[in-house]
Amino acid sequence: MINNFKCSNGNIEYFIEGKGPAVLIFHGGHDSCRGYFRVDKLLENGYTVVIPTRPGYGGTDLSVGKSCQDAVSSFYALLDELKIKQTAVIGVSAGGPTALAFAKAYPQKTNCLILESAVTKPWFHYLTFQYWICRSLLSEKNQKKFWNNLRQKLAEDSLKLTLKTLKMFTRKNPIRVYEEYDVEEKKLIKQLLFDNDSGAGFVPDMEHRVKNIEDIICPALIIHSKDDASVPFAHAKYAYKKITTSEIFVAPVASHFLYIGPGSEDVMKKRMDFLKKHIYNLEKTGANKV
């Protein structure tokens, strides 16, 4: 169910479903609370899933927080409104800095942390061509034209564009990676590309930085593929080195997309086992019930 919460800084659009211990998911770039996060397993196992759309995306105002540090106070207020005392936090891709900032700022609220293909350190260097081309093409002013052109090309020759785009997300041969997807996964990867929208959120995402993540004290799981070409594996190693309470799981998948393709079920099992381990006591005491 999609809802809206009026906080002091603006509107937050969010998804919520389920009953039981809470899992708060911060989505990646070009996405919203309507994205694909494999919440089916979470709901089947008795969790409450909360996915706020991050500032500048979807129905969430950019005024909620241009920096991830500014935004997390509003997400904290959302959890209070929902009467959630504690939560597991998952940061996906460009949502990684927001997850790190939340876990660092609110240790009493964060039961555990999972970083999934997550950005954990400076991502785009401002002296690179990639930085400036992204700032231009994916700015609030230009991004709709960019994504509409992509959708048109996707309609004209979906396979060609899918393979071309997939190359940005895998270090392996994109043709071989695509061939290993089943029919539903091939449909899904095309849908993910078709649904992309940068809004006013992606350019601020490029600037997100979280210092002193070694101050994070909750148990943390870092899931990342060495074949990720979008967010290099160096981000996983950086977080593992800094967060002393962390463990790292090298995802046996061939791209940035952890829940698509061979090996994705192993990733899901790791996610679920970690949550069960670190939320078990809360399930018994009811401290995390909503």
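The values are calculated or read from the model by the stated rules, or taken from the named source; none is laboratory data. It should be emphasised that the depicted structure is a prediction, and the values quoted were computed from it without experimental measurement. Here the Cβ positions follow ideal geometry from the backbone for every residue, glycine too, while neighbour counts run over all protein chains shown.
Computed values, structure above
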item: All positions within the range 130-173 that are at pLDDT below 90, loosely packed, with under 13 Cβ neighbours inside 10 Å and more than 18 Å from residue 206 (Cα to Cα); result: 155
item: Of residues in the range 234-283 being of a type in the set (Ser, Thr, Tyr) and in a helix (DSSP H, G or I), the one nearest to residue 218 (Cα to Cα); result: 240
item: Any hit, the range 211-229, residues being of a type in the set (A, V, I, L, M), assigned by TED's automatic domain parsing to the domain that holds residue 66, in a helix (DSSP H, G or I) and surrounded by 19 or more Cβ atoms within 10 Å (Cβ to Cβ); result: yes
item: Among the residues listed as 188, 282, the single one being out of contact with any strand residue (DSSP E or B) (no Cβ under 8 Å at 6 or more places or on another chain) and modelled with pLDDT under 95; result: 188
item: Count of residues meeting criterion [outside any helix (DSSP H, G or I) and closer than 28 Å to residue 260 by Cβ] in the range 31-80; result: 24
item: The one condition in (1) in contact with a Leu (Cβ under 9 Å, 6 or more places away or on another chain); (2) more than 26 Å from residue 134 (Cα to Cα) that residue 99 fails to fulfil; result: (2)
item: Residue in the range 196-205 that is outside the structural domain of residue 118 (by TED's automatic domain parsing) and under 26 Å from residue 266 (Cα atoms) present; result: no
item: Positions within the range 81-129 being outside any helix (DSSP H, G or I) and either small (Gly, Ala, Ser) or touching a His at 6+ places or on another chain (Cβ under 7 Å) (or both), in sequence order; result: 88, 91, 92, 111, 112, 117, 118, 119, 120, 121
item: Failed condition for residue 209, given (1) within 21 Å of residue 30 (Cβ to Cβ); (2) among the charged types (D, E, K, R); (3) modelled with pLDDT of 95 or more; result: (3)
item: Residue 196 vs. criteria within 17 Å of the chain's Cα centre (by Cα) and in contact (Cβ under 8 Å) with a residue 12 or more places away in the chain; result: yes
item: Conditions (1) outside the structural domain of residue 38 (by TED's automatic domain parsing); (2) free of Cβ contacts under 8 Å to residues at least 40 places away in the same chain; (3) outside any loop (DSSP other than H, G, I, E, B); number of the one not met by residue 150; result: (2)
item: Per-region count, the range 113-133, residues at negative phi and touching a Ser or Thr at 6+ places or on another chain (Cβ under 9 Å); result: 5
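Here's the yes/no breakdown for (1) under 20 Å from residue 199 (Cα atoms); (2) among the polar types (S, T, N, Q); (3) not assigned by TED's automatic domain parsing to the domain that holds residue 144:
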| position | (1), (2), (3) |
| --- | --- |
| 6 | yes, no, yes |
| 9 | yes, yes, yes |
| 16 | no, no, yes |
| 21 | no, no, yes |
| 32 | yes, yes, yes |
| 50 | no, no, yes |
| 56 | yes, no, yes |
| 60 | yes, yes, yes |
| 68 | yes, no, yes |
